[in-house]
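Contents: one structure, followed by commentary.
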Amino acid sequence: MEQRYMQMQDVTTRSDDNGEIYLEGLFAVYDSVYHVYPGATESIARGAFAESINGDVRALYNHNSDIVLGRK
């Protein structure tokens, strides 16, 4: 299996007064075509997450639920 990395744009980190680190940025940009790999693209439609995002939203490394980058 080939491993690929996609660079996220406009993602930054910051820390608060207690030393907690936060990721901030746009993780899903609507109505834009992304080139996933040569010959494959994807686009996220507005409202795509309307029924699926509720409560515990997590940012995962490579879709691995054991490696949580952040959560809301």
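The values are calculated or read from the model by the stated rules, or taken from the named source; none is laboratory data. Note that the structure is predicted; figures quoted are calculated from it, not measured. Positions of Cβ are generated from backbone atoms using ideal geometry, with glycine treated the same way; all protein chains shown enter the neighbour counts. In case anyone asks, the SASA skips ligands and DNA or RNA and just uses the protein heavy atoms, side chains included. Shrake-Rupley method; radii C 1.70, N 1.55, O 1.52, S 1.80 Å.
Surface composition of the chain: carbon and sulfur atoms hold 48% of the protein heavy-atom accessible area at a 1.4 Å probe. Each of A28 and H63 was given a label point 7 Å from its Cα along the Cα-to-Cβ line. The distance between the two points is 1.4 nm.
Solvent exposure of the chain, expressed per residue, is 93 Å² of accessible area, with all protein chains present and a 1.4 angstrom probe. Name the residue, out of E51, E24, E42, whose mean-square fluctuation peaks in a Gaussian network model built on the chain with Cα pairs under 10 Å. Largest GNM mean-square fluctuation: E51.
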